[in-house]
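The structure appears right after this line, and notes come after that.
All of the numbers you see were taken from the coordinates with simple rules; none came from a lab. The structure presented is a predicted model; accordingly, all values stated were derived computationally and were not measured. Here the Cβ is made from the backbone with ideal geometry for all residues, glycine too, and neighbour counts use every protein chain on show.
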Amino acid sequence: MKTNITLLVTLLLAGLAGQVFAQDLSPKEIIRKADEKFNGEKTSTALMAMTIVRPTWERTIEFKNWTSGREYALTLITAPARDKGQSFLKRQQEMWSWNPTISRLIKLPPSMMSQGWMGSDYTNDDILKESSVVNDYDHEIVGEEEYDGRLCYKIKMVAKEDAAVIWGHQVRWIDKKDFLFMKSELYDEDSYLVRTELGSDIKSMDGRLIPTRIELIPAEEEDQMTIIEIKEIQFNQNIKDSFFSQQNMKRIR
């Protein structure tokens, strides 16, 4: 009986320690853990599909995506055939697009970061990861809510005055147990809701749980959305900075 009581006390203390640890995390640390879990602490390599849904049509684009921190990103369109071979590069503060059909390399100005990527509801900023949810916002825990059966931190993120971001503020629901981005609401500078993102279909990929389906729903467009599905993803691979070059974006396959 003493052994059983000792075991019970040990388990209770371990559970309490886990709760205290979670409570001690600052809202910025919670966002950082969720961001690193989804994007990789150092690098990520992913195969994804993006379905653009409109009232009278829909189409799917498949692409590969490589990232290294917030400084480097390379995206290659692999399907459909008419878009295959197009690539997009972010290297520190410079962003480029390459169209092999017309052999044209274009530098993207910062003003294009808010424009839709490949005709979708995602922006160039979303794909090339110009802004940082960790460093470009001030964070505040505003409550706890359950979403899709998971208890979540509800965190408000207000853009810093000097940050080059396209959102005035965001509200994010972060799963308390596994630090998953479950839901996001993104607002413009006048605090109008622009879009909602919903994470689902949680799976283990490369040793970590992540939502593999993300629905982006514009606030003012009926029967319109963009769906991202993660087919494969690997984290913290050995990707050198030299991989993210204009030469490579033209020849990568």
Listed candidates (i) 18.1, 57; (ii) 20.0, 78; (iii) 18.0, 62 - label of the one calculated as Rg and Dmax of the Cα atoms in Å: (ii)
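Can you sort Phe38, Phe88 by how many other beta carbons sit within 10 Å, fewest first? Present the calculation step by step, with values, prior to reporting the outcome.
Numbers: Phe38 20, Phe88 23.
With the sparsest Cβ surroundings first, the list reads Phe38, Phe88.
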Virtual spin-label span in nm between Gln246 and Asp178, 7 Å along Cα→Cβ: 4.3 nm
For Tyr72, Tyr192, order by how many other beta-carbon atoms lie within 10 Å, fewest first: Tyr192, Tyr72
Acute angle (nearest 10 degrees) that the helix 27-39 long axis makes with the longest principal axis of the chain, alpha-carbon atoms: 50 degrees
Total formal charge among the other residues, if their Cβ is under 15 angstrom from that of Leu47, Lys/Arg +1 and Asp/Glu -1: +2
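Would you calculate a helix-derived [θ] at 222 nm for the chain, using -39,500 (n - 2.57) for each DSSP H run of n ≥ 4 and dividing by the full residue count, to the nearest 500? Walk me through the numbers before you get to the answer.
Working: 4 runs with 47 residues, N = 253.
-5500 deg cm²/dmol, from helical runs alone.
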Angstrom value of the Kirkwood radius, inverse mean 1/r, which spans all Cα pairs in the range 151-253: 16.3 Å
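Order these by the 10 Å Cβ neighbour count, fewest first: Asp125, Asp190. All intermediate terms of the calculation are to be shown ahead of the outcome.
Working: Asp125 21, Asp190 6.
Least to most surrounded, the residues fall as Asp190, Asp125.
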Pairwise centroid distance, computed over Cα atoms, of the range 79-127 with the range 208-253, Å: 13 Å
At R0 = 25 Å, FRET efficiency that the Cβ-Cβ distance of Glu161 and Ile106 yields, to 0.05: 0.25
